[in-house]
Amino acid sequence: DDWPLIQNTLYHNQKLINLLNMAAGDERYVDGNSGYLTKSRRWINNYSITNIMNNELRGSKKLNSRYYYNNLVTNTIGAYVVFKSGDSFQELLDDIFQNKVGIKDDVFFRNHMNTSFGEENFWYHFYATRSDFLRIGRAILHDWQNDTCVGKYLKTIHERRIPKNNKWKDDNSHDLNSKSYAGKFHTNYSGMAKRNVMGMSGYGGQSIMIDFDKGRINVINSIHTDYKWKKIAHSVIKKGK
């Protein structure tokens, strides 16, 4: 409730956990499948958060608190981090990726294509080398196992995960195999409901799964989704081979 940009929108005065769990009640305004704004049919990732809030979300009302995956809520959270950190945003990124994770090469977020100077802006589109992607996963595992401040945060969002209630199930799909969502992480994978396993999936079939109980990480770097995810990712984490 301290961010002027989102006042008089459905995101204002909500609990942050709702946004982290993709349960902000924005499905009336966002097409989660196509990534387009429902009213204008503009692509979410083409425009700044300032532009979208002023043109599409002003006067919007929260619909419910159930899981509804879409890109706008992630960009909104990122822009809120930029707002809160102010002129120190780059220092925050340096502290996370260089000092904490220990990246070897450059990592970066992309900017929206249609953004004017002074607009609040963030795009979740993130680039890293395959080795640095694994280093990020290793840092997450280390925090969980050592119960650091970040580790406590990860355990909290895992405890506050919500069901996806998907209409479809596909055991060979990272997104459709997992039954719950926890603060940007997929979790509760088939056959591992009682284990602390969380993962993320990305464009082109990229996949990361972290097994916090057994201390294992599985990363897949890909540009197409036509591979047997359950065999080379899910089964490896579940069975350890």
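For residue 189, the amide hydrogen comes within under 5 Å of the amide hydrogens of 179, counting only partners 5 or more places away or on other chains and with H modelled in the peptide plane. For residue 241, the lysines whose Cα falls under 27 Å of its own Cα, not counting residues fewer than eight places away in the same chain, are 155, 169, 179, 184, 194, 214, 228, 230, 231. Dividing the Cα radius of gyration of the range 58-121 by its Kirkwood radius returns 1.05 for Rg/Rh. Listed peptides 119-128, 205-214 appear in the order 205-214, 119-128 once ranked by packing, highest mean of other Cβ atoms within 10 Å at the front. Summary of packing: across the peptides 94-107, 176-189, 136-149, the per-residue average of other C-beta atoms within 10 Å ranks them, highest first, as 176-189, 136-149, 94-107.
For the range 1-154, the alpha-carbon coordinates run over 43, 32, 30 Å along the three principal axes, in decreasing order. Summing +1 for each Lys or Arg and -1 for each Asp or Glu among the other residues whose beta-carbon sits under 11 angstrom from that of residue 27 gives +1.
Take the Kirkwood radius over Cα pairs of the range 126-241, plug it into Stokes-Einstein at 25 °C and 0.890 mPa s, and you get 171 µm²/s for translational diffusion. For the range 114-125, putting each phi into the Karplus relation 6.51 cos²θ - 1.76 cosθ + 1.60 with θ = phi - 60° gives couplings of 10, 9, 9, 4, x, 7, 6, 8, 6, 10, 5, 4 Hz, in residue order, rounded to whole numbers and with x for Gly and Pro.
For the chain, the mean residue ellipticity at 222 nm estimated from helices alone is -7500 deg cm²/dmol, where every DSSP H run of n ≥ 4 contributes -39500 (n - 2.57) and the total is divided by all residues, rounded to the nearest 500.
Taking a straight Cα-Cα cut-off under 16 Å and skipping sequence neighbours fewer than 8 places away in the same chain, the aspartates and glutamates within cross-link reach of residue 104 are 94, 95, 132.
In the structure shown, the pairs 15/62; 164/239; 152/239 are assessed against 18 Å; a Cα-Cα span above that value is assigned to 164/239; 152/239. Residue-wise HN-Hα couplings along the range 6-11, as the Karplus relation 6.51 cos²θ - 1.76 cosθ + 1.60 with θ = phi - 60° gives them from phi, are 9, 4, 6, 10, 5, 7 Hz; Gly and Pro carry x. With 0.36 nm allotted per residue and the present C-alpha distance subtracted, the residue 149-residue 106 stretch has 12.9 nm of extension available.
In the chain, the portion of solvent-accessible area held by carbon and sulfur atoms comes to 50 percent [1.4 Å probe, whole percent, DNA, RNA and ligands not counted]. Using the alpha carbons alone, the radius of gyration of the range 19-62 stands to its Kirkwood radius in an Rg to Rh ratio of 0.93.
Globularity index of the range 65-193 is 1.19 (Cα radius of gyration / 2.2 N^0.38 Å, N = number of residues). Measuring nothing but how far apart in sequence close Cα pairs (under 8 Å, 6+ apart) lie, relative to its length, the chain scores a relative contact order of 14 percent.
The values are calculated or read from the model by the stated rules, or taken from the named source; none is laboratory data. Since the structure is predicted, the reported quantities are computational estimates derived from the model, not experimental observations. FYI the Cβ positions are ideal-geometry reconstructions off the backbone, even for glycines, and counts take in every protein chain you see. For accessibility, only protein heavy atoms count, side chains too; no ligands or nucleic acids. Shrake-Rupley method; radii C 1.70, N 1.55, O 1.52, S 1.80 Å.
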